[in-house]
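What follows draws every value from the coordinates through simple rules; no lab data is involved. This structure is a prediction, so every number in the text was calculated from the model and none was measured. Quick reminder, even Gly has a Cβ in these numbers, built from the backbone with ideal geometry, and neighbours come from all protein chains shown.
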């Protein structure tokens, strides 16, 4: 009998230790917040934007972990409670994190509402109000190639894919809305697939080192390098509206925080985000400086 009791107590202890090893995902300390983001220009700018805004408008102790990684790295960090706040894109959250199936014709509001609901139920994480811009994926080619092959749509591109190279960041080849699903939808296959850093692929396309790239619609280098964005005629890609995502435990520990962060809603449109990205990628400004300048121009900080 004593042996059974000991075993039971040991089992309980293991469960307690396992819970403690969860990284404090459902806990938060009032007065502190860790702001993070993914590892490309736009996300680094926005990470600093959120951090500097919070420093100026709250009494929070703000820690920054910028350029942490892709969506799966970020999501795992959120689940463990290692980070508290970052900006995600509706299509990414809906398709890749929640593993839902996008139905062409779904409105941006529908995708946002379903994503917000899913994150709350599954992760106890809150999607705040969108920032205002839609950074959707866009297949882009150099202007000369588009004219030479008379390519205007993804379907046009599919007819020539067997002679062309396709470049994207490594994450795109793993995503549910990524390469495999794209070529299945358009019933094609490219001659060569290239893993490339997202901040290098625009120049690679410009210099004809890669024929087709997965550009981000808010990137200023599309215009700078005379790249042509093709029409997604089958509406394969969902909307990717950007919104702050925060652990509910952090909001519970800091009651006024949600209202404060929601004042950033609709402060950025596609054109303005493209401009900010261009200041870093084309004018070689520091992301933090670009973020601070934007906040001051909008009257969000002094």
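As a calculated quantity, the FRET efficiency between residue 129 and residue 162 at R0 = 35 Å, using C-beta atoms, amounts to about 0.20. Taking only Cα atoms and a 10 Å spring cutoff, compute GNM fluctuations for the chain and point out the largest among 125, 47, 267. Most flexible of the set in this elastic network: 267. Taken along the Cα-to-beta-carbon direction at a fixed 7 Å, the label points for residue 181 and residue 56 span 3.7 nm. Extension gain, residue 224 to residue 193, is 8.7 nm, computed as 0.36 nm per intervening residue step minus the present C-alpha separation. The packing ranking, built from the mean of other Cβ atoms within 10 Å per residue, places the peptides 117-123, 35-41 in the order 35-41, 117-123, highest first. Judged by the mean number of other Cβ atoms found within 10 Å, the most tightly packed of the peptides 223-229, 287-293, 85-91, 26-32 leads the ranking 85-91, 287-293, 223-229, 26-32.
In the chain, the C-alpha radius of gyration followed by the widest Cα-Cα span (Dmax) gives 21.6, 83 angstrom. Packing here is the average count of other Cβ atoms within 10 Å per residue, and on that basis the peptides 238-246, 188-196, highest first, run 238-246, 188-196. Relative to the longest principal axis of the Cα atoms of the chain, helix 270-281 runs at roughly 90 degrees. Stretched out straight at 0.36 nm per residue, the stretch from residue 99 to residue 286 would grow longer than its current Cα-Cα span by 63.8 nm. The Rg/Rh ratio of region 137-229, with both radii computed over alpha carbons and Rh defined as the Kirkwood radius, is 0.92. FRET efficiency for the residue 110 to residue 298 pair, using the beta carbon distance and R₀ = 35 Å, is estimated at 0.75. The tail of the calculated P(r) for region 150-302, taken as Cα-Cα distances beyond 27 Å, holds 37 percent of the pairs. What whole number of Å gives the distance from the Cα centroid of region 251-302 to the Cα centroid of region 157-222? Cα centres, region 157-222 to region 251-302: 29 Å. May I ask for the percentage of alpha-carbon pairs in region 67-184 that lie more than 23 Å from each other? The calculated P(r) of region 67-184 puts 42 percent of pairs beyond 23 Å. Contact order for region 137-229, expressed relative to its length and based on alpha carbon pairs under 8 Å spaced 6+ residues apart, stands at 45 percent.
Taking the chain as the reference, fit the longest principal axis to its C-alpha atoms, fit the long axis of helix 2-20 to the helix C-alpha atoms, and give the angle between the two in degrees, 0 to 90, nearest 10. Approximately 40 degrees, to the nearest 10. The long axis of helix 287-297 is offset from the longest Cα principal axis of the chain by roughly 90 degrees.
With each label modelled as a point 7 angstrom along the Cα→C-beta vector, the residue 26-residue 143 pair spans 5.7 nm. Extension gain, residue 150 to residue 72: 0.36 nm times the residue separation minus the Cα-Cα distance gives 24.4 nm.
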